[in-house]
Amino acid sequence: MTWDKKHLIEIDPFSREDIENIFSFSKLLEPYSGIDKTKKRRQTNMCQGDLMVLWFEQQTEKSTRTFGSFESAISRLGGDKKDFDELRSSIGKGESIKDTSRILSGQCDLIVDRHTDPQHVYTVSINSMVPVINAGNGSDQHPTQTLLDISFMYVLFDTVDGLTIAMVGDLKYGRTVHSLMKGLEKFKDVNIVGISPPGLEMPEKYIGKNYEGRTIDMKNLDKELSDIGPKVVYATRIQNERLPEGEDPAKFIYKINNATLKHLPENTRIMHPLPRILEIDPEIDKDPRAVYFQQADYGVPVRMAIITTLLGYEDEVLKLR
Ligand code: NCD
(Lines give C-alpha, C1' and ligand atoms only; values in the text may rest on other atoms or scores of the structure.)
Protein backbone atom coordinates (compact mmCIF):
# COMPACT_ATOMS: atom_id res chain seq x y z
CA MET A 1 0.00 0.00 0.00
CA THR A 2 1.19 3.53 -0.68
CA TRP A 3 -0.18 6.93 0.19
CA ASP A 4 -2.06 8.58 -2.73
CA LYS A 5 -1.05 12.09 -1.51
CA LYS A 6 -4.59 13.38 -2.05
CA HIS A 7 -5.39 13.87 1.64
CA LEU A 8 -3.70 12.96 4.93
CA ILE A 9 -6.39 11.36 7.08
CA GLU A 10 -4.87 8.18 8.52
CA ILE A 11 -1.41 6.67 8.78
CA ASP A 12 -2.60 3.25 7.56
CA PRO A 13 -2.10 3.87 3.82
CA PHE A 14 1.48 5.08 4.34
CA SER A 15 4.22 2.70 3.32
CA ARG A 16 7.53 2.77 5.13
CA GLU A 17 8.94 4.61 2.14
CA ASP A 18 6.19 7.26 2.29
CA ILE A 19 7.10 7.91 5.93
CA GLU A 20 10.80 8.05 5.09
CA ASN A 21 10.09 10.50 2.26
CA ILE A 22 8.41 12.85 4.73
CA PHE A 23 11.45 12.54 6.97
CA SER A 24 13.90 13.27 4.14
CA PHE A 25 11.82 16.27 3.04
CA SER A 26 11.80 17.53 6.63
CA LYS A 27 15.63 17.34 6.64
CA LEU A 28 15.79 19.33 3.38
CA LEU A 29 13.34 21.93 4.68
CA GLU A 30 14.78 22.23 8.20
CA PRO A 31 17.20 25.11 7.31
CA TYR A 32 14.14 27.06 6.12
CA SER A 33 12.07 26.29 9.21
CA GLY A 34 13.83 28.53 11.70
CA ILE A 35 14.01 25.91 14.46
CA ASP A 36 17.79 26.08 14.78
CA LYS A 37 18.28 29.40 16.57
CA THR A 38 22.07 29.23 16.14
CA LYS A 39 21.80 29.57 12.35
CA LYS A 40 20.33 32.19 10.09
CA ARG A 41 17.12 30.90 8.58
CA ARG A 42 17.15 30.34 4.82
CA GLN A 43 14.34 31.85 2.76
CA THR A 44 11.96 30.15 0.36
CA ASN A 45 8.79 31.23 -1.39
CA MET A 46 7.81 27.77 -2.54
CA CYS A 47 4.21 28.21 -1.40
CA GLN A 48 3.82 31.85 -2.38
CA GLY A 49 0.16 32.54 -3.17
CA ASP A 50 -1.03 29.34 -1.52
CA LEU A 51 -3.67 29.65 1.16
CA MET A 52 -4.18 27.15 3.95
CA VAL A 53 -7.34 27.10 6.06
CA LEU A 54 -7.12 25.95 9.68
CA TRP A 55 -10.45 24.48 10.74
CA PHE A 56 -9.91 23.85 14.43
CA GLU A 57 -12.92 23.19 16.62
CA GLN A 58 -12.38 25.62 19.46
CA GLN A 59 -14.59 24.40 22.30
CA THR A 60 -12.74 21.28 23.39
CA GLU A 61 -9.92 20.95 20.87
CA LYS A 62 -7.39 23.37 22.28
CA SER A 63 -4.09 23.50 20.42
CA THR A 64 -0.73 25.20 20.69
CA ARG A 65 1.74 22.94 18.87
CA THR A 66 -0.28 21.52 16.00
CA PHE A 67 -2.06 24.77 15.18
CA GLY A 68 1.08 26.83 15.67
CA SER A 69 3.42 24.58 13.73
CA PHE A 70 1.05 24.43 10.75
CA GLU A 71 0.84 28.24 10.84
CA SER A 72 4.63 28.55 11.04
CA ALA A 73 5.16 25.92 8.37
CA ILE A 74 3.00 27.63 5.72
CA SER A 75 4.44 31.01 6.63
CA ARG A 76 8.07 29.74 6.40
CA LEU A 77 7.17 28.44 2.93
CA GLY A 78 5.93 31.87 1.86
CA GLY A 79 2.24 30.93 1.92
CA ASP A 80 -0.74 32.36 3.79
CA LYS A 81 -3.27 30.95 6.21
CA LYS A 82 -6.64 31.84 7.58
CA ASP A 83 -8.58 30.47 10.53
CA PHE A 84 -12.06 29.24 9.87
CA ASP A 85 -14.14 30.43 12.79
CA GLU A 86 -17.02 27.99 13.03
CA LEU A 87 -18.90 30.18 15.51
CA ARG A 88 -19.03 33.09 13.05
CA SER A 89 -19.88 30.88 10.11
CA SER A 90 -23.18 29.83 8.55
CA ILE A 91 -22.95 26.52 10.40
CA GLY A 92 -24.87 28.53 13.02
CA LYS A 93 -27.66 28.98 10.44
CA GLY A 94 -27.80 25.25 9.97
CA GLU A 95 -25.46 24.84 6.99
CA SER A 96 -24.11 21.29 6.77
CA ILE A 97 -20.46 20.29 7.24
CA LYS A 98 -20.69 18.84 3.73
CA ASP A 99 -21.62 22.16 2.10
CA THR A 100 -19.28 24.13 4.33
CA SER A 101 -16.36 21.91 3.25
CA ARG A 102 -17.19 22.36 -0.42
CA ILE A 103 -17.38 26.13 -0.06
CA LEU A 104 -14.22 26.49 2.04
CA SER A 105 -12.27 24.35 -0.41
CA GLY A 106 -13.18 26.78 -3.18
CA GLN A 107 -11.49 29.57 -1.22
CA CYS A 108 -8.16 27.92 -0.44
CA ASP A 109 -5.55 25.32 -1.46
CA LEU A 110 -5.37 23.17 1.66
CA ILE A 111 -7.52 22.50 4.74
CA VAL A 112 -6.17 21.42 8.14
CA ASP A 113 -8.92 19.98 10.31
CA ARG A 114 -9.10 19.20 14.04
CA HIS A 115 -12.42 18.18 15.53
CA THR A 116 -13.84 16.28 18.50
CA ASP A 117 -16.05 14.23 16.21
CA PRO A 118 -13.80 11.55 14.69
CA GLN A 119 -15.97 11.51 11.53
CA HIS A 120 -15.68 15.24 10.84
CA VAL A 121 -12.40 15.05 8.89
CA TYR A 122 -13.79 12.26 6.70
CA THR A 123 -16.83 14.38 5.77
CA VAL A 124 -14.59 17.36 5.07
CA SER A 125 -12.21 15.39 2.86
CA ILE A 126 -14.97 13.73 0.85
CA ASN A 127 -16.51 17.11 0.03
CA SER A 128 -13.35 19.16 -0.42
CA MET A 129 -11.78 20.00 -3.77
CA VAL A 130 -8.38 20.51 -2.07
CA PRO A 131 -6.20 18.28 0.15
CA VAL A 132 -7.39 17.85 3.73
CA ILE A 133 -5.11 17.07 6.67
CA ASN A 134 -6.29 15.38 9.86
CA ALA A 135 -4.79 17.39 12.73
CA GLY A 136 -6.44 15.18 15.38
CA ASN A 137 -9.89 13.59 15.16
CA GLY A 138 -11.26 13.19 18.67
CA SER A 139 -9.66 10.34 20.55
CA ASP A 140 -9.02 8.44 17.32
CA GLN A 141 -5.80 9.43 15.54
CA HIS A 142 -3.25 12.18 14.99
CA PRO A 143 -1.31 11.16 11.88
CA THR A 144 0.81 14.31 11.45
CA GLN A 145 2.02 13.89 15.05
CA THR A 146 3.01 10.34 14.10
CA LEU A 147 4.98 11.55 11.09
CA LEU A 148 6.68 14.00 13.42
CA ASP A 149 7.34 11.38 16.10
CA ILE A 150 8.80 8.84 13.68
CA SER A 151 10.86 11.50 11.87
CA PHE A 152 12.22 12.61 15.21
CA MET A 153 13.13 9.01 16.07
CA TYR A 154 15.17 9.04 12.84
CA VAL A 155 16.85 12.25 14.01
CA LEU A 156 17.68 10.59 17.34
CA PHE A 157 18.64 7.07 16.27
CA ASP A 158 19.06 7.14 12.45
CA THR A 159 16.57 4.30 12.25
CA VAL A 160 13.36 3.05 13.77
CA ASP A 161 14.00 -0.64 13.15
CA GLY A 162 14.73 -2.61 16.28
CA LEU A 163 13.65 0.07 18.77
CA THR A 164 11.98 -0.87 22.03
CA ILE A 165 9.39 1.75 22.86
CA ALA A 166 7.46 2.06 26.11
CA MET A 167 4.21 3.94 25.60
CA VAL A 168 3.08 5.21 28.96
CA GLY A 169 -0.11 6.75 30.35
CA ASP A 170 -3.47 7.23 28.71
CA LEU A 171 -3.36 4.74 25.85
CA LYS A 172 -7.14 4.63 25.59
CA TYR A 173 -8.06 8.23 24.79
CA GLY A 174 -4.65 9.53 23.65
CA ARG A 175 -4.85 9.73 19.87
CA THR A 176 -1.12 10.21 19.35
CA VAL A 177 -0.30 6.69 20.54
CA HIS A 178 -3.06 5.20 18.39
CA SER A 179 -1.60 6.50 15.15
CA LEU A 180 1.95 5.95 16.39
CA MET A 181 1.15 2.24 16.86
CA LYS A 182 -0.10 2.11 13.27
CA GLY A 183 2.96 3.95 11.97
CA LEU A 184 5.52 1.86 13.83
CA GLU A 185 3.99 -1.27 12.38
CA LYS A 186 5.62 -0.41 9.05
CA PHE A 187 9.11 -0.95 10.52
CA LYS A 188 11.14 -4.01 11.41
CA ASP A 189 11.41 -5.54 14.88
CA VAL A 190 9.93 -2.62 16.79
CA ASN A 191 8.87 -3.78 20.23
CA ILE A 192 6.14 -1.75 21.86
CA VAL A 193 5.23 -2.12 25.50
CA GLY A 194 2.12 -0.22 26.51
CA ILE A 195 2.05 0.69 30.20
CA SER A 196 -1.17 2.12 31.55
CA PRO A 197 -3.25 2.25 34.70
CA PRO A 198 -6.32 -0.01 34.80
CA GLY A 199 -9.03 1.44 32.55
CA LEU A 200 -6.73 3.30 30.15
CA GLU A 201 -5.40 0.37 28.11
CA MET A 202 -4.80 0.58 24.36
CA PRO A 203 -8.05 -0.32 22.51
CA GLU A 204 -7.85 -3.60 20.56
CA LYS A 205 -8.47 -1.92 17.21
CA TYR A 206 -5.16 -0.06 17.30
CA ILE A 207 -3.02 -2.96 18.47
CA GLY A 208 -0.66 -4.34 15.86
CA LYS A 209 2.21 -6.78 15.84
CA ASN A 210 4.88 -6.77 18.55
CA TYR A 211 2.70 -5.11 21.17
CA GLU A 212 2.62 -6.10 24.80
CA GLY A 213 0.18 -4.35 27.11
CA ARG A 214 0.97 -4.07 30.81
CA THR A 215 -1.72 -2.75 33.12
CA ILE A 216 -0.05 -1.66 36.33
CA ASP A 217 -0.38 0.37 39.47
CA MET A 218 1.44 3.46 38.19
CA LYS A 219 3.29 3.73 41.51
CA ASN A 220 5.40 0.88 40.15
CA LEU A 221 6.21 2.60 36.86
CA ASP A 222 9.93 3.06 37.64
CA LYS A 223 10.39 -0.63 38.34
CA GLU A 224 8.49 -1.58 35.22
CA LEU A 225 10.58 0.73 33.03
CA SER A 226 13.81 -0.56 34.54
CA ASP A 227 12.70 -4.08 33.66
CA ILE A 228 12.07 -3.08 30.02
CA GLY A 229 15.08 -0.78 29.48
CA PRO A 230 13.43 0.99 26.52
CA LYS A 231 15.20 3.16 23.94
CA VAL A 232 12.17 5.47 23.96
CA VAL A 233 9.72 6.27 26.70
CA TYR A 234 6.75 7.87 24.95
CA ALA A 235 4.75 9.47 27.75
CA THR A 236 1.22 10.77 27.29
CA ARG A 237 -1.10 13.09 29.16
CA ILE A 238 -4.22 11.77 30.85
CA GLN A 239 -6.90 13.08 28.48
CA ASN A 240 -9.14 14.59 31.17
CA GLU A 241 -11.47 16.16 28.60
CA ARG A 242 -12.20 12.77 27.04
CA LEU A 243 -12.82 10.72 30.21
CA PRO A 244 -16.43 9.66 30.76
CA GLU A 245 -18.35 11.94 33.09
CA GLY A 246 -17.84 11.12 36.73
CA GLU A 247 -14.45 9.48 36.14
CA ASP A 248 -11.87 10.98 38.50
CA PRO A 249 -8.69 11.81 36.55
CA ALA A 250 -6.70 11.90 39.81
CA LYS A 251 -6.66 8.11 39.99
CA PHE A 252 -4.71 7.89 36.74
CA ILE A 253 -1.97 10.37 37.60
CA TYR A 254 1.63 9.21 37.30
CA LYS A 255 4.96 10.95 37.31
CA ILE A 256 8.26 10.62 35.50
CA ASN A 257 10.92 12.36 37.59
CA ASN A 258 14.58 12.14 38.62
CA ALA A 259 13.86 8.91 40.49
CA THR A 260 12.47 7.39 37.28
CA LEU A 261 15.56 8.42 35.33
CA LYS A 262 17.76 6.51 37.80
CA HIS A 263 16.09 3.36 36.49
CA LEU A 264 16.63 4.19 32.82
CA PRO A 265 19.75 3.66 30.67
CA GLU A 266 21.77 6.73 29.61
CA ASN A 267 20.77 6.23 25.98
CA THR A 268 17.00 6.21 26.64
CA ARG A 269 15.10 9.20 25.30
CA ILE A 270 11.91 10.57 26.86
CA MET A 271 9.43 11.74 24.24
CA HIS A 272 6.01 13.29 24.79
CA PRO A 273 3.65 14.90 22.25
CA LEU A 274 3.01 17.62 24.85
CA PRO A 275 1.33 19.38 26.56
CA ARG A 276 2.68 17.74 29.71
CA ILE A 277 0.64 18.42 32.78
CA LEU A 278 1.73 16.42 35.83
CA GLU A 279 3.19 13.32 34.21
CA ILE A 280 6.63 14.81 33.56
CA ASP A 281 8.29 16.62 36.40
CA PRO A 282 10.06 19.77 35.12
CA GLU A 283 13.03 18.70 37.27
CA ILE A 284 14.06 16.37 34.41
CA ASP A 285 13.86 19.01 31.66
CA LYS A 286 17.61 19.61 31.62
CA ASP A 287 18.53 15.93 31.53
CA PRO A 288 19.87 15.00 28.06
CA ARG A 289 17.39 12.14 27.99
CA ALA A 290 14.46 14.60 28.00
CA VAL A 291 13.92 15.47 24.32
CA TYR A 292 10.25 16.46 24.23
CA PHE A 293 10.87 20.15 23.53
CA GLN A 294 13.18 19.39 20.59
CA GLN A 295 10.56 16.88 19.42
CA ALA A 296 7.91 19.64 19.44
CA ASP A 297 10.22 22.03 17.53
CA TYR A 298 10.65 19.41 14.85
CA GLY A 299 6.92 19.74 14.14
CA VAL A 300 7.61 22.75 11.91
CA PRO A 301 9.88 21.09 9.28
CA VAL A 302 7.74 17.94 9.30
CA ARG A 303 4.61 19.96 8.61
CA MET A 304 6.50 21.87 5.90
CA ALA A 305 7.26 18.47 4.36
CA ILE A 306 3.60 17.45 4.57
CA ILE A 307 2.33 20.71 3.06
CA THR A 308 4.80 20.73 0.15
CA THR A 309 4.04 17.09 -0.64
CA LEU A 310 0.28 17.60 -0.65
CA LEU A 311 0.56 20.78 -2.73
CA GLY A 312 2.68 19.02 -5.33
CA TYR A 313 6.01 20.77 -4.76
CA GLU A 314 8.08 17.61 -4.49
CA ASP A 315 10.39 18.55 -7.37
CA GLU A 316 11.06 21.96 -5.81
CA VAL A 317 11.88 20.37 -2.45
CA LEU A 318 14.22 17.87 -4.09
CA LYS A 319 16.06 20.76 -5.76
CA LEU A 320 17.09 21.91 -2.27
CA ARG A 321 19.44 18.89 -1.99
C1 NCD B 1 -1.67 16.04 21.49
C2 NCD B 1 -3.08 16.03 20.96
O3 NCD B 1 -3.67 17.11 20.74
O4 NCD B 1 -3.57 14.95 20.73
N5 NCD B 1 -1.04 17.27 21.43
C6 NCD B 1 -0.40 17.59 20.26
O7 NCD B 1 -1.00 17.70 19.21
N8 NCD B 1 0.95 17.72 20.31
C9 NCD B 1 -1.52 15.39 22.81
C10 NCD B 1 -2.40 15.81 23.95
O11 NCD B 1 -3.16 16.76 23.86
O12 NCD B 1 -2.30 15.17 24.98
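If you find the alpha carbon centre of the range 1-60 and of the range 272-309, how far apart are they in angstrom? Taking the Cα centre of each part, the range 1-60 and the range 272-309 sit 16 Å apart. Near the amide H of Val112, within less than 5 Å, lie the amide hydrogens of Val53, Leu54, Trp55, Ile133, all on another chain or at least 5 residues away, with H placed in the peptide plane. In this structure the amide hydrogen of Asp50, modeled in the peptide plane, comes within under 5 Å of the amide hydrogens of Asp80, none closer than 5 places in sequence on its chain.
Which of the residue pairs Lys62/Lys223; Lys82/Lys286; Lys40/Lys81; Lys37/Lys81 have a Cα-Cα distance greater than 31 Å in the structure shown?
In this structure, Lys62/Lys223; Lys82/Lys286 lie more than 31 Å apart at Cα.
Would you mind calculating the relative contact order of the range 122-225 from Cα pairs under 8 angstrom and at least 6 residues apart, reporting the percent as a whole number? Spell out each step's value before the answer.
Values: 155 pairs, mean separation 24.4, N = 104.
About 23 percent, as a whole number.
At 20 angstrom or more along the helix axis (alpha-carbon based) and mean Kyte-Doolittle of -1.0 or higher, what helices does the chain contain? Whole DSSP H runs only.
Numbers: long enough: 16-33 (25 Å, -0.50); 143-157 (21 Å, 1.03).
The qualifying helices are 16-33, 143-157.
Within the chain, antiparallel bridges make up roughly 5 percent of the DSSP beta bridges whose residues both belong there. Between rounded, prolate and oblate, where does the range 1-70 land on the alpha carbon gyration tensor, with a ≥ b ≥ c its root eigenvalues, rounded for a/c under 1.5, else prolate if a/b exceeds b/c? Because a/c hits 1.5 or more and a/b fails to exceed b/c, the range 1-70 counts as oblate. Heavy atoms of the protein chains alone define the surface here; on that basis the chain has 44 Å² accessible area per residue at 1.4 Å probe size. When only alpha carbons of the range 97-253 are considered, Rg and Dmax amount to 17.5, 55 Å.
Which of rounded, prolate, oblate describes the range 233-291, given a ≥ b ≥ c as roots of the alpha-carbon gyration tensor eigenvalues and a/c under 1.5 marking rounded, otherwise prolate only if a/b is larger than b/c?
Working: a/c = 2.78, a/b = 2.26, b/c = 1.23.
Verdict is prolate for the range 233-291.
Heavy-atom surface analysis with a 1.4 Å probe gives the range 23-178 a carbon and sulfur content of 48 percent of its accessible area. Both radii come from the Cα set of the chain: Rg as radius of gyration, Rh as Kirkwood radius; their ratio Rg/Rh reads 0.96.
The values are calculated or read from the model by the stated rules, or taken from the named source; none is laboratory data. This one's a predicted model, so the numbers in the text were calculated from it and none came from an experiment. We work out accessible area using only protein heavy atoms, side chains counted, and drop any ligands, DNA or RNA first. Shrake-Rupley method; radii C 1.70, N 1.55, O 1.52, S 1.80 Å.
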